[in-house]
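Here the structure is laid out as structure tokens; the discussion comes afterwards.
Read the figures in this text as sums done on the coordinates, not as results from a lab. Bear in mind the structure is a predicted one, so any value in this text is a computation, not a measurement. Because the Cβ atoms are built from the backbone with ideal geometry, glycine has one as well, and the counts that use them run over all protein chains shown.
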Amino acid sequence: MIVVDAGDRIALRGLFAGGWDPPAPIVAAVRAILDDVRARGDDALVEYTRRWDFADAALASLRVAIPARKHARTLVPEQIAAGLELAKERIAEFHARQLPDAIDYYAHDMTRYAFLSRPLGGIGAYVPGGTATLPSTVLMTVVPAKVAGVERVVVVTPPQAGGHVDPAVLYACALTEVDELYAVGGAQAVAALAYGTATIAPVDKIVGPGNVYVTEAKRQVYGICGIDGLAGPSEVLVVADERAKPELVAGELVAQAEHDPLARVAAVSRERALLEAVAALLDGPFGRASGRDDVVARVLAERTWLVHAHSDAQMHDVIERFAPEHLSLMVADPWSWIAKIRRAGAIFVGDETPVAAGDYIAGTNHTLPTSGAARFSSGLHTADYLRTMTVVENSRERMLNDATLLAALADFEGLPAHARTARLRAGDHPSR
């Protein structure tokens, strides 16, 4: 593990690379799956599920009954149930505070304006499954939908071995009052949510993370329905000063590295000695303290950057150019930094706030922009489950005063029928 200079643009090229650009064969494979599900519906869903997830899948096994909450709780260890319950409570509280107030007012001439929010009719939440068990993703995608008042919430997740859905995911679905649960995953699940089948009715929006096939499928169905974004591999940037503890900095890097072999992890500091201490930890047993050592080792070898900056301004430049999914501030005055930061998915402040807190029980959302998308998009939040409408009601006084200018603008843009609608209301009746 080496320390690189913040001015070395070649060494940092991989850190600052962003965007969604999957290989052409993946794009084509996803297109074929989407077209197949759109054409053959449930038959295609069953066929793909048998091929990739559960050899004995049948149409009847796609819809999964969600047990009553009390019974579902008995299926999981006490600490897991308690953790999910605490997380749900905090997520609900934080996201309820994001609900917008309606704007409804009169201008001085009694023209009325309103800006109103309405919940989406139905959303589909993709929860990765198969070899993984991610009940936290149920909470992060479903609780804000319920807070927003979405009428129909659907969860899709690949079946585990034996065709079942993990008990912790079942409990999370019961806890959050999911309306429908289907044991189907991959691009085929995205197709079903977007286009609908005889079994799965289409939704208005698809949210949640997935592998490259799921994410590419979401990209391709956008326009048929909405999506939250295109989730790529995990990222973290730790900003550290002389008071930061090397083991806490290294710990955050290893934690994100165990997510995905394509994760990008980095630390930036003006203290070269600190970065060298972090490097020594990562090169030693500390860097192998994960149940996914092979994944971590690959990330530490190929996709880790320890960046030595020469000023706070240079450190800030690294933040803005990376636009990280997770930003950890281990500095003496973090809120002065926050005031200047424009590009980050989520910020974790101080030594006592690991990124994992946001992953699970802090109450903030862990569905965040990656691959530089924090430049132009945000993490999942309550407004993602709402749509807005503008309303205007002219008074007679306003219409009479505006008619001449309104008609002039419409005529200037070559839209005489638009202009006529203003003149008709002003008492000017041009020939028809």
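Compactness check for the chain: Cα Rg over 2.2 N^0.38 Å is 1.16. Summing charges over all other residues whose Cβ lies under 13 Å from the Cβ of Leu329, with Lys and Arg as +1 and Asp and Glu as -1, gives -4.
The calculated P(r) of region 309-352, using every Cα pair and 5 Å bins from 0, goes 5, 22, 34, 29, 8, 1 in percent.
Summary value for region 298-432: 16 percent relative contact order, contacts being C-alpha pairs under 8 angstrom separated by 6+ residues. A Förster distance of 30 Å, applied to the separation of the beta-carbon atoms of Trp52 and Tyr222, puts the FRET efficiency at 0.80. Are there any trypsin sites (Lys or Arg not before Pro) in region 324-371 that are in a DSSP loop and have at most 14 other Cβ atoms within 10 Å? List them by number. When the trypsin sites (Lys or Arg not before Pro) of region 324-371 are filtered for loop state and at most 14 Cβ neighbours within 10 Å, Lys340, Arg342 remain.
Of all alpha-carbon pairs in region 171-317, indicate the percentage at a distance above 26 angstrom. In whole percent, the share of Cα-Cα pairs in region 171-317 beyond 26 Å is 46. Relative to the current alpha-carbon distance between Asp109 and Glu89, full extension at 0.36 nm per residue lengthens the span by 2.6 nm. Normalised by the number of residues in the chain, the mean separation of alpha-carbon contacts (under 8 Å, six or more apart) gives a relative contact order of 21 percent. Other residues within the sphere of radius under 13 Å centred on the Cβ of Ala161, judged by their own Cβ, net out at -3 (K and R +1, D and E -1). For Lys218, a cut-off of 29 angstrom between C-alpha atoms picks up these lysines, skipping any fewer than 8 places away in its own chain: Lys88, Lys146, Lys205. Normalised by 2.2 N^0.38 Å, where N counts its residues, the alpha-carbon radius of gyration of region 184-247 equals 1.64.
Simple spin-label estimate for Val27 and Arg152 gives 3.3 nm between the two label positions (7 Å along the Cα-to-Cβ direction from each Cα). For Lys245, the aspartates and glutamates whose Cα falls under 13 Å of its own Cα, not counting residues fewer than eight places away in the same chain, are Glu271, Glu276, Asp351, Glu352.
Net charge dipole, region 46-165: roughly 240 debye, given to the nearest 20, about the Cα centre with Cβ charges of +1 for Lys and Arg and -1 for Asp and Glu. FRET efficiency for Met389 and Asp428, Cβ-Cβ distance as r, R0 = 30 Å, nearest 0.05? For Met389 and Asp428, the calculated efficiency is 0.45. Partner aspartates and glutamates whose Cα lies under 13 Å from the Cα of Lys340, excluding those fewer than 8 positions away in the same chain, are identified as Asp312, Asp317, Glu320.
Can you tell me the FRET efficiency between Ala82 and Ala408 if r is taken as the Cβ-Cβ distance and R0 is 41 Å, rounded to the nearest 0.05? The formula returns an efficiency of 0.05 here. A quarter of the convex hull surface defined by the alpha-carbon atoms of region 280-432 gives 17.3 nm² as the mean projection. All Cα-Cα separations within region 235-367 were binned at 10 Å from zero, giving a P(r) of 13, 48, 34, 5, each value a whole percent of the pairs. Given in Å, the Rg to one decimal and the Dmax to the nearest whole number for the Cα atoms of region 17-132 are 22.6, 69. For the pair Asp294 and Arg272, label points projected 7 Å from Cα toward Cβ lie 3.8 nm apart. Taking Cα centre as origin and charging only the Cβ of basic (Lys, Arg, +1) and acidic (Asp, Glu, -1) residues, the dipole magnitude of region 119-255 rounds to 240 debye. A helix-only calculation puts the chain at -12500 deg cm²/dmol for mean residue ellipticity at 222 nm, using -39500 (n - 2.57) for each DSSP H run of at least four residues, averaged over all residues. Pairs of Cα atoms nearer than 8 Å and 6+ residues apart set the relative contact order; for region 250-290 it is 43 percent. Any idea which of Val169, Leu237, Ala187 is furthest toward the positive side of the dipole for region 138-268, if Lys and Arg beta-carbons carry +1 and Asp and Glu beta-carbons -1? Most positive-ward Cα: Ala187.
Using the alpha carbons alone, the radius of gyration of region 272-324 stands to its Kirkwood radius in an Rg to Rh ratio of 1.05. Which of Val295, Leu274, Thr353 sits farthest toward the positive end of the charge dipole of region 259-361, with +1 on the Cβ of Lys and Arg and -1 on the Cβ of Asp and Glu? Most positive-ward Cα: Val295.
For the chain, DSSP calls about 25 percent of its internal beta bridges antiparallel.
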